[in-house]
1. Given the criterion part of a helix (DSSP H, G or I), modelled with pLDDT under 80 and under 26 Å from Arg18 (Cα atoms), identify the matching residue among Gly73, Gly118, Gly142.
2. Contact list please: Cβ distance under 9 Å, first residue in the stretch 168-183 and farther than 12 Å from Arg273 by Cβ and touching a residue at least 60 places away in the same chain (Cβ under 8 Å), second residue outside any helix (DSSP H, G or I) and of a type in the set (Asp, Glu), pairs at least six apart or on different chains.
3. Please determine, by comparing only the residues of the stretch 1-24 that are more than 12 Å from Ala69 (Cα to Cα) and polar (S, T, N, Q), which one is surrounded by the most Cβ atoms within 10 Å (Cβ to Cβ).
4. For Leu132, are the conditions met, namely being in a helix (DSSP H, G or I), aliphatic (A, V, I, L, M) and modelled with pLDDT of 95 or more?
5. Among Ala111, Ala90, which is the only one that is in a helix (DSSP H, G or I), at pLDDT below 85 and either among the polar types (S, T, N, Q) or surrounded by 11 or more Cβ atoms within 10 Å (Cβ to Cβ) (or both)?
6. Search the stretch 245-273 for residues being over 17 Å from the mean Cα position of the chain (by Cα) and not in a helix (DSSP H, G or I), and hand back the single one that is surrounded by the most Cβ atoms within 10 Å (Cβ to Cβ).
7. Name the single residue, out of those in the stretch 231-248 being hydrophobic (A, V, I, L, M, F, W, C) and without any contact (Cβ under 8 Å) to a residue 24 or more places away in the chain, that is farthest from Asn294 (Cα to Cα).
Amino acid sequence: MRQSMTGFASQSGQGLGRNWIWELRGVNGKGLDLRLRMPDGIDGLEAGVRARCAEVLKRGNLQISLKLAADEGDAGLRLDEAQLAAVLAAMHRIEADAMAEGLSLAPSTAAEIVGLRGVLTTEAPEAEPVALAAALLADFDGALSDFVTMRQSEGAALSAILTGQLDEITTLVDDATRAVADRQPQQADRLREQLARVMANTDGVDEARIAQELAVIAVKSDITEEIDRLRAHIAAARDLLAAEGAVGRKFDFLMQEFNREANTLCSKSGDARLTQIGLALKTVIDQMREQVQNVE
């Protein structure tokens, strides 16, 4: 199935005293460029993410982030001895300074001291790195699957747009074919006029050179090859849309060929109607090329 290179997915999970959120954001790119933002110290996590992405993705710039935090529901309480000592020392000094000034302070309770910042903290249990990596990668698989599904959905819409544009190009090429047939009488008259002018000034001119110049004039006005190549490009583009795997680079090259033939058709038209058709072709080809940039 055709894939776009844009997409987004998010997956949250929890376990082993942790909770986490995976986020994947993709845009178009020449190759597969993975940019990872994940906590350090979880062996095998980054390698696992890269391997999974390489199995299902071929092109695109992909940003992958993992937000990992302790699960407060599983956390235990811990008394910070150093912070408690600092708090008690500060309290002793405050009481001594107050007494020196003749002030009497109410005694502090244990509950009040424990409630001070940093004295009593929550601490998540340590998670075994291998088990944590396995749990995280299991949820990443779900996020990656959602991401691919979104890219496929975008790809289906993109294929429909490209198919419509190919149909439009086909119609314009058919119009150009009819325009070429319609202009043949005028083209023949024009060639006869050019021949008459040449023959009226043939004194001392090589006949072979005259024949060569006339042949050049005929070739310059003939767009049969351009129309044939445009039809071949249309068939190749339809084949790419139906093909499996990544075809974006081939499609981009094919659009360059489309544009080259449309430019040549315009330069050789010699006819207002053909020129209008050529310009319309260039417009649709440019629009199609913009869409092709996002094909994987």
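1. Gly73
2. Cβ pairs passing all conditions: none.
3. Only one residue tops the list, namely Gln3.
4. For Leu132, the condition - in a helix (DSSP H, G or I), aliphatic (A, V, I, L, M) and modelled with pLDDT of 95 or more - is not met.
5. One residue alone meets the criteria, Ala90.
6. Once the filter is applied, the top-ranked residue is Ser269.
7. In this case the residue turns out to be Ala232.
So that you can scan it fast, the table gives a plain yes or no per residue for (1) within 14 Å of Ser145 (Cα to Cα); (2) polar (S, T, N, Q); (3) more than 14 Å from the chain's Cα centre (by Cα):
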| site | (1), (2), (3) |
| --- | --- |
| Gly7 | yes, no, no |
| Asn28 | no, yes, no |
| Met38 | no, no, yes |
| Glu46 | no, no, yes |
| Val49 | yes, no, yes |
| Ala54 | yes, no, yes |
| Gly60 | no, no, no |
| Lys67 | no, no, yes |
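The values are calculated or read from the model by the stated rules, or taken from the named source; none is laboratory data. Because the structure is a prediction, the values reported are computed rather than measured. For neighbour counting, all protein chains shown are included, and Cβ atoms are generated from backbone atoms with ideal geometry for every residue, glycine included.
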